[in-house]
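Undergrad: Sharing a structure below in structure tokens format, with a few things to ask.
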Amino acid sequence: MNEMMEKRKRVLEVRRYYNTVIKPSLGLDDAHTDIEDPRVAEMIMDRFGVEIPPDTLHNMLIGDFTISIERALEDLKTSGLLHLQYRALKVLLEDETPEVFFCAGCGVYFSTEVEHSEYDGHTFCSECMETEFSTCSECGELFHNSDIIVAQNGENYCPECAEQFLYYCNECGEYTTEDDMVWDENGYHHICSSCFGAYYYRCEECGSFIHYNDDYYEEDGYYYCENCYEDAVVIHGYNYQPAHLNFHGDGNRFLGVELEVDDGGECTYNAREIIDLIGSHHAYIKHDGSLNDGFEIVSHPATLDYHMREIDWEGVLQELKHLDYVSHDAGTCGLHVHLNRGGFGDTEEEQDLGIAKVLYFFERHWSKIVKFSRRTRSQLDEWAARYLDDEPSHPEDVLEYAKDDASRYRCVNLCNHSTVELRVFRGTLVYETFMATLQFADLMYDIAELSLEEVMDLTWDSFKEMGSKYKEFTSYMERRGL
Ligand SMILES: [Zn+2]
Ligand SMILES: [Zn+2]
Ligand SMILES: [Zn+2]
Ligand SMILES: [Zn+2]
């Protein structure tokens, strides 16, 4: 006990002498390298008559000597001894100091009698082994938590087992077992199933992933990528709009045709046959709720010339007949022709004036047009009623009247944003009739170019004369006694 008190006293003396004499006189810092300066040992030797090695001197200078030996020895076996207390203990006990390990987990010294383990060049006390380590669920080995990868299902994996058994989800940055991964059709891309459920669809056709932010199409509860959609779905929903319209032919007078056919089946096989024949760049097919068992063939906008020369309408109509479809005879079917507003002029004013002339022409020659359309009066009332009951005195009166009417079921439907739709015609599978109808529609662009006076004076015979440039139109008019 006395010996210990002597030692403590000596430590305090050395410390004071170092701080008040040696350090100022040699101009030293507290750095360990300064303590190694040979002049320090010399001065201590001169003053105290003993040789103190630099390490011991350092411990003397920084050690916490307030702790009792008994307490320090007790702590080494229980809660661990703090760093500066351990330094003091080494000075006081010298060779008698128990063997210790430094726990890299809790940062204190323990007697080697305390249970401990080595990991990656470090030693850990048993308590830290318990709190800072986890067992790899694959290989059963203990790994420090900083090395453990926690999979999405909560299981722990060592780096090696993770490499072997887990998959990384690029979407959420988590690791998942193979069972929780979703793979695309070619087995290349994978996403964890929760990310898949939250952000992705799978293309019904090619099986590739479609992010919900990307372009995709939904049809009857199935999803399609942009590439597959056009090919996979032949009969589109009623509200389908193609991603982009193809405009065929030169100039600005385009005609978009909607031909309804019925009673031959709303069947994909037939629809595909028709699309293959007409060309998917020319037309697409839609469901139409007004039909019993058929579909609607919708053309992309094309000039009359293009419809006549480049689209095989004759072949299409023939094939439809061959597949047992009907159009005229169904009673349910119409042949609608869209004229683009741009064909009536560049400005909205020009367009409105041109359209007013067309409406005027319809009102003025209504009974002839009804005959041309092959509709019955009752069909017309339901699907394509005229606007006025009396002949208007001026074309601009017709436009005002028509624009106020929001009903779509009008002979000339003005509700579309960019087209004027002629809805008056009954469906047909007869090529001459079909083409005469398109020619009739195109003649409306000609009528729009006449002056107001010319339109008001236009007789049915002069209209016939305007259309005499078309073989089908002329022959149809004759056939119908028009
Ligand atoms: Zn520890
Ligand atoms: Zn493992
Ligand atoms: Zn994920
Ligand atoms: Zn696809």
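No lab work stands behind these numbers, since they all come straight from the coordinates. Quick caveat: nothing in here was measured; it's all calculated off a predicted structure. Cβ coordinates were reconstructed from backbone atoms using ideal geometry, including for glycine residues, and neighbour counts include every protein chain displayed.
Undergrad: Please work out the Kirkwood hydrodynamic radius for the range 2-111, using every pair of different C-alpha atoms, and report it in angstroms with one decimal place.
TA: About 14.8 Å for the range 2-111.
Undergrad: So, in nm, how far is label His189 from label Glu113 when the simple model puts each one 7 Å beyond its Cα toward the Cβ?
TA: Once both label points are built, they end up 6.5 nm from each other.
Undergrad: Per DSSP H run of at least 4 residues, take -39500 (n - 2.57); add these up for the chain, divide by its residues and hand me the 222 nm value, nearest 500 deg cm²/dmol.
TA: -12000 deg cm²/dmol
Undergrad: Would you calculate the separation in nanometres between label points at Leu93 and Arg272, each defined as 7 Å from the Cα along the Cα-to-beta-carbon direction?
TA: In this crude spin-label approximation the distance works out to 8.7 nm.
Undergrad: Sticking with this structure for a sec: Out of the range 268-329, which GluC sites (Glu not before Pro) are coil in DSSP terms and have no more than 16 other C-beta atoms within 10 Å?
TA: Within the range 268-329, the qualifying GluC sites (Glu not before Pro) (loop, at most 16 other Cβ atoms within 10 Å) are Glu310.
Undergrad: Only helices at least 18 Å long along their own axis, judged from Cα atoms, and with Kyte-Doolittle mean hydropathy of -0.5 or greater: name those in the chain from DSSP H.
TA: Both cut-offs are met by 348-364, 431-449.
Undergrad: Determine the gain in length on full extension of the stretch Leu452-Asp263; use 0.36 nm per residue of separation and subtract their C-alpha separation, reporting nm with one decimal.
TA: 63.6 nm
Undergrad: So, in Å, what gap is there between the alpha-carbon centers of the range 268-317 and the range 174-188?
TA: 42
Undergrad: Based on the Cβ-Cβ distance from Val50 to Asn145, what FRET efficiency comes out when R0 is 45 Å, to the nearest 0.05?
TA: 0.40
Undergrad: What's the FRET efficiency of Ser79 with Glu178 using the Cβ-Cβ distance as r and R₀ = 45 Å, to the nearest 0.05?
TA: That gives a FRET efficiency of 0.50.
Undergrad: Once the piece of chain linking Asp64 and Asp305 is laid out straight, how much longer is it, given 0.36 nm per residue of separation minus the C-alpha distance between them?
TA: Here the segment from Asp64 to Asp305 would lengthen by 76.5 nm.
Undergrad: Now for a separate question. What is the distance in Å between the Cα centroid of the range 223-265 and that of the range 202-217?
TA: 20
Undergrad: Considering the options Phe101, Tyr229, Ile67, tell which one lies farthest towards the positive end of the dipole of the chain, charges being +1 on Lys and Arg and -1 on Asp and Glu at the Cβ, about the Cα centre.
TA: Checking the options against the dipole of the chain, the answer is Tyr229.
Undergrad: Mind scanning Lys371/Lys471; Lys286/Lys321; Lys357/Lys469; Lys23/Lys77 and naming the pairs with a C-alpha gap bigger than 26 Å?
TA: Lys23/Lys77
Undergrad: Binning at 10 angstrom from zero up to the longest distance, how are the C-alpha pair distances of the range 255-479 distributed in percent?
TA: Result returned by the calculation: 8, 34, 37, 17, 3, 0.
Undergrad: A further question on this structure: When the convex hull of the Cα atoms of the chain is projected onto a plane and the area is averaged over all directions, what value comes out in nm²?
TA: 41.6
Undergrad: Put a dot 7 Å past each Cα toward the Cβ at Trp460 and Asn170; how far apart are the dots in nm?
TA: It is 6.9 nm.
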